[in-house]
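J.: Questions regarding the structure given below will be posed in turn.
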Amino acid sequence: VKGGYPTFMDKEIHDQPMAVADTLRGRLDRDGRLVLDEMRISEAVLRSVDKIVVVACGTAAYAGHVAKYAIEHWCRIPVEVELAHEFRYRDPVVSEKTLVVAISQSGETMDTIMAIRHAREQGAKVLAIVNTFGSTIARESDAVLYTHAGPEVAVASTKAFLAQVTACYLLGLYLSELRGNKYVDEVADYLEELGKLPEKIQHILDEQEEHVREVARSMAEATSVLFLGRHVGYPVAMEGALKLKELAYIHAEGFAAGELKHGPIALIEPGQPVFVVVPTPRRHTLHSKVVSNIQEVRARGARTLVIAEEGDEDVTAHADVVFRVPRTPTLMMPLVTVVPLQIFASELAAAKGLDVDQPRNLAKSVTVE
Ligand code: M6R
């Protein structure tokens, strides 16, 4: 059942190229155009949407954060991302023009179920991005865009996250096209780029996995690890930190790199491990700011573990360790940059002798509020 891997999580990390490919499959026609047959919310309603609110928990919420960057950029619709449990109990502003997007692997997370019930009571339409066919969230939503990651057994979410992010891109491109495609020059180009992602993820598994595992084993004694990222790298940083908390029971925190100087830099002392998710060098301003962040933490003694695009040599002088990912359009970088962080958490937990698939105190799906 584990496909020859020591843990379900390792198998599921290796399933990721397929999870992305399967989530794309059937949604592109022969000419590479986007078709979302399952979109049961009418085009008229989708055209009138003036706000999107993503509700989700944990890793699924980080997929929502990535969606915000992509959908706002492509569609110019404001997107809010809210933890489902906070949304439900704070009198949120929702109307008939709000599209609530509920993201969930299991489709049974009670916090998210309560959030969509509340949203529908207020007249909002709910679109579910769900991995489990026929689950409660799927049944109680107006439409479902299924992720096709296959069953995810390990408590830590990996392939479901990549599939959720992929589905969010499809939704963003679909809405952009539907609403007149004013902001995306070439939806087809983006779709083509998405189609290349499974191969790129496989490339990371082939080329970087051993390197990441070796570094993780050397860090089994770490007691605190920080993660920095900007733009779509910010949710990736938070996801990297969450993986490490839940699997290796290490204090970990993800920050927006720009926030460093507003407080967190005080945490840096000699030897502090800091992961930095670096944007592509093609985004000059962001890239150079993040490279400066690496220098700043290193000058204070941090051990810098950098995730950077192949060919990005600006990072090499300031990094103790570099993990390489293939060149990818900026908005789609989470699909590659998160992979080394998943492998790292899994290996570190294994090196500490912990149960990678069943971390303490956690359940695969949280069916209570
Ligand atoms: O089934 P869901 O996607 O609704 O679950 C949401 C979270 O409970 C889940 O992502 C959790 O954070 C994972 N254990 C993270 O690895």
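The values are calculated or read from the model by the stated rules, or taken from the named source; none is laboratory data. Please read all numbers here as calculations on a predicted model, not as lab measurements. Neighbour counts run over all protein chains shown; Cβ positions are idealised from the backbone, glycine included.
J.: I'd like the residue in segment 1-37 that is surrounded by 12 or more Cβ atoms within 10 Å (Cβ to Cβ) and among the charged types (D, E, K, R) and, out of all such residues, is farthest from Gly180 (Cα to Cα).
T.: Lys2
J.: Can you pull out every residue in segment 221-277 that is β-branched (Val, Ile, Thr) and without any contact (Cβ under 8 Å) to a residue 60 or more places away in the chain?
T.: Result: Thr223, Val225, Ile265, Ile268, Val274, Val276.
J.: Considering only residues of segment 265-294 that are out of contact with any Ser or Thr (no Cβ under 9 Å at 6 or more places or on another chain) and under 22 Å from Met333 (Cβ atoms), which is modelled with the lowest pLDDT?
T.: It comes out as His284.
J.: Any idea how many residues of segment 206-230 are surrounded by fewer than 16 Cβ atoms within 10 Å (Cβ to Cβ), in a helix (DSSP H, G or I) and not charged (D, E, K, R)?
T.: Here the count works out to 1.
J.: Select from segment 116-136 the residues that are within 11 Å of the ligand (Cβ to nearest atom) and either among the basic types (Lys, Arg) or surrounded by 24 or more Cβ atoms within 10 Å (Cβ to Cβ) (or both) and list them in ascending order.
T.: Matches in segment 116-136: Ala128, Ile129, Val130, Asn131.
J.: Can you name every residue in segment 4-50 that is over 21 Å from Val187 (Cβ atoms) and over 21 Å from the mean Cα position of the chain (by Cα)?
T.: Of everything in segment 4-50, those that are over 21 Å from Val187 (Cβ atoms) and over 21 Å from the mean Cα position of the chain (by Cα) turn out to be Gly4, Tyr5, Pro6, Thr7, Arg40, Asp50.
J.: To continue, here is another question. Is it fair to say Ala350 is surrounded by fewer than 20 Cβ atoms within 10 Å (Cβ to Cβ), out of contact with any strand residue (DSSP E or B) (no Cβ under 8 Å at 6 or more places or on another chain), modelled with pLDDT of 95 or more and in a helix (DSSP H, G or I)? Even if it seems obvious, please write down each step before you answer.
T.: On the way: surrounded by fewer than 20 Cβ atoms within 10 Å (Cβ to Cβ): no; out of contact with any strand residue (DSSP E or B) (no Cβ under 8 Å at 6 or more places or on another chain): yes; modelled with pLDDT of 95 or more: yes; in a helix (DSSP H, G or I): yes.
Against the criterion (surrounded by fewer than 20 Cβ atoms within 10 Å (Cβ to Cβ), out of contact with any strand residue (DSSP E or B) (no Cβ under 8 Å at 6 or more places or on another chain), modelled with pLDDT of 95 or more and in a helix (DSSP H, G or I)), Ala350 does not qualify.
J.: Counting only residues that are within 14 Å of the ligand (Cβ to nearest atom) and more than 14 Å from Leu127 (Cα to Cα), which one in segment 61-80 is surrounded by the fewest Cβ atoms within 10 Å (Cβ to Cβ)?
T.: If we take residues in segment 61-80 being within 14 Å of the ligand (Cβ to nearest atom) and more than 14 Å from Leu127 (Cα to Cα), then His65 is surrounded by the fewest Cβ atoms within 10 Å (Cβ to Cβ).
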